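Written out below as structure tokens is the structure these notes cover.
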DNA sequence: CTGGACTGAGATAACGTTATCCCGAAGGTA
DNA sequence: TACCTTCGGGATAACGTTATCTCAGTCCAG
């Protein structure tokens, strides 16, 4: 008795049913050209042997795998876009298999190359880092890739991104409309593309509105100490900010953590919606991304790219929406 | 010119280098039995053609894919166990590819069967629902599977689960030690195995401690209305609870949302740690699962199962830990 | 010198599918 | 009856790897 029993193959089924290999294949693929009686015999043999087709062989022969890869920063983090991607792909009859890049350039490369070697039909990537040169030969060899959330720097690749500039503008204008004159921005490390784009947009708003710019913008890595000092700096001095715009959901959490009970005294508009937004009093006003649209568009672009590798590259910008919940409507207290 | 250029294969490399196919394979696999000069020529050809091995063919030939599947409830939810699984697998040189089951039995089956047809070496599953009969033929055919978080009901399958009973006991004892006599439990739908196990453990604690049991236990689906009435019921009446144990992280959030400012008046111990736990005042005392141990053990079990399909099934229980943060140390207020 | 052990590299057969051909039987018409 | 078409179904060749042989050489002992 062998330890791991060899799985039955089409040959086994064919022998069991007393037909040719090709006929089994026909039955499995619902080919109409096989007689009813034979088809029944084949199906019986399949059931008897508990035959399961081997997709590896199928994919090898077909050339196509019906599988999309998703290389995201952290699988185990909240990622509504990934959920939308899965759903859209499922609706299109494609399977999405995901892996984490853990914000590590080396790991990202490893993951993407693994997916390429496995000949996934296409890849959805949340790109990290600056150097994506390793993608060049893969793209040349026919890899279909769509970047999400950020573009692939230096490469002409399809991507779908939120309208960060409009989001920041909306947040800023909203606070100004509620009487705020001194608005601070606390954001993530500007080496991250999205963070940089948002910070830059904020600087432009602040400059256009008049008043100090650099003194109101605090960006850098998400570390407890940095956030604490950023909050302190924003709210201190002779002309403290009366409102804060935060650069993403994690920053919002950290800022709220620092503010504690003081969060009622300063107006806040956060970028990115999150579960916590409705946990606090007042609830958090946010600039929400349209996750469903982003995920759906990503799958659309990827399918189009797979269907026609020569089609022109498209970079889609998805609108964002201001969700008023109270924290952004507080009046200035000085 | 063809639209999608055929990727170069080993045959192409062999022709380019003027060697036999087998020699290319040897070079790719770092076989020492190939002369330095030839190896160099082959490597040059590989670089010139931008050759990338096709894992599909490799896996088909080898019989093994070096790939583990993870079928989890929601990819895009916080899931520290999944992260630990990925890391442990990576350390073992295996790739983890994950997909969501979305708490849908039909989808779970679809995902697992897809992974089986792709001949993944093994699968980590967060089982949902009651009927996992579809797994039987797969297991018989040699599928290696490890269940995480909950067992596969009715099937004798490896699994690794947190010590829910000990966790509830610890939480209960902790509150009693801080002077609480009337402790309520608000938990998830008991059709979910984990929820049922925790609720049952709580009932046992309450019964052992004396006093009402059923009146203190509120379980059901996570819906705003239900949580609201559960909280109200727990804190109302002639003998209101002075402390609450919550059944999981989502319940904790919802309960805290309902309590609002009142959260300072009732002691709370939550099951599952989460990011929000340190957002509020006082911070949330929780029974934390050892995610790293769970994920690591799951991979260990899976690898052992793959190596020896005949080994006895093991069901591992991982200890939990009480993390004191303030909310569980509040004195009773009546 | 010659025979055997060793060594590097080439033919070739798998792995489990699908697709291309081809053939034999049935049916219809001249 | 002979011929042409139709159609179900069987050989067999891919798909791109790896593994098992086999076989020329080279080197050294007898």
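How many residues, within region A:60-69, are touching a strand residue (DSSP E or B) at 6+ places or on another chain (Cβ under 8 Å) and surrounded by 21 or more Cβ atoms within 10 Å (Cβ to Cβ)?
Of the residues in that region, 3 qualify.
With the requirement that a residue be in contact with a helix residue (DSSP H, G or I) (Cβ under 8 Å, 6 or more places away or on another chain), away from every other protein chain (no Cβ under 14 Å) and farther than 30 Å from residue A:262 by Cα, what does region A:308-330 give you?
Answer for region A:308-330, where residues must be in contact with a helix residue (DSSP H, G or I) (Cβ under 8 Å, 6 or more places away or on another chain), away from every other protein chain (no Cβ under 14 Å) and farther than 30 Å from residue A:262 by Cα: A:314, A:316, A:318, A:319.
Any idea which residue in region A:16-25 is nearest to residue A:62 (Cα to Cα), counting only those that are within 12 Å of DNA strand C (Cβ to nearest atom) and part of a helix (DSSP H, G or I)?
Top of the filtered list is A:25.
Name every residue in region B:70-80 that is more than 8 Å from chain A (Cβ to nearest Cβ) and either over 22 Å from the mean Cα position of the chain (by Cα) or buried (at least 22 other Cβ atoms within 10 Å of the Cβ) (or both), in order of residue number.
Listed by number, the residues that qualify are B:70, B:71, B:72.
Test each condition in (1) in contact with a strand residue (DSSP E or B) (Cβ under 6 Å, 6 or more places away or on another chain); (2) modelled with pLDDT of 95 or more; (3) under 24 Å from residue B:247 (Cβ atoms) for residue B:84 and report the one that comes out false.
(1)
Please state which one of B:48, B:39, B:32 is part of a helix (DSSP H, G or I) and either more than 9 Å from DNA strand C (Cβ to nearest atom) or surrounded by fewer than 17 Cβ atoms within 10 Å (Cβ to Cβ) (or both).
B:48 is the lone residue from the list that is part of a helix (DSSP H, G or I) and either more than 9 Å from DNA strand C (Cβ to nearest atom) or surrounded by fewer than 17 Cβ atoms within 10 Å (Cβ to Cβ) (or both).
Quick one: residue B:305 ticks every box in (1) at pLDDT below 95; (2) within 14 Å of another protein chain (Cβ to nearest Cβ) bar one, so which box is it?
Only one criterion is unmet by residue B:305, namely (1).
Hey, residue B:96 hits all of (1) modelled with pLDDT under 95; (2) within 15 Å of the chain's Cα centre (by Cα); (3) within 27 Å of residue A:138 (Cβ to Cβ) but one; which does it fall short on?
The failed condition is (1).
Is it the case, given these coordinates, that residue A:328 is on the phi > 0 side of the Ramachandran plot and outside any strand (DSSP E or B)?
no
Identify the residue in region A:43-62 that is more than 7 Å from chain B (Cβ to nearest Cβ) and without any contact (Cβ under 8 Å) to a residue 12 or more places away in the chain and, among all such residues, is farthest from DNA strand D (Cβ to nearest atom).
A:47
Out of the residues in region B:121-130 that are at pLDDT below 95 and in contact with a helix residue (DSSP H, G or I) (Cβ under 6 Å, 6 or more places away or on another chain), which is farthest from the other protein chains (Cβ to nearest Cβ)?
B:129
Please determine, by comparing only the residues of region B:90-120 that are touching a helix residue (DSSP H, G or I) at 6+ places or on another chain (Cβ under 6 Å) and free of Cβ contacts under 8 Å to residues at least 60 places away in the same chain, which one is farthest from the other protein chains (Cβ to nearest Cβ).
That would be B:101.
Please state which of the following conditions residue A:59 fails to meet, knowing it meets all the rest: (1) modelled with pLDDT of 90 or more; (2) more than 17 Å from residue A:7 (Cβ to Cβ); (3) touching a helix residue (DSSP H, G or I) at 6+ places or on another chain (Cβ under 6 Å).
Among (1) modelled with pLDDT of 90 or more; (2) more than 17 Å from residue A:7 (Cβ to Cβ); (3) touching a helix residue (DSSP H, G or I) at 6+ places or on another chain (Cβ under 6 Å), the lone unmet condition for residue A:59 is (2).
For region A:131-158, name all the residues that are under 11 Å from residue A:71 (Cα atoms) and within 13 Å of chain B (Cβ to nearest Cβ).
A:148, the sole residue that qualifies.
The values are calculated or read from the model by the stated rules, or taken from the named source; none is laboratory data. Nothing here was measured: the structure is a model prediction, and the numbers come from that model. Methodologically, a virtual Cβ is constructed for each residue, glycine included, from the backbone with ideal geometry; neighbour enumeration extends over all protein chains shown.
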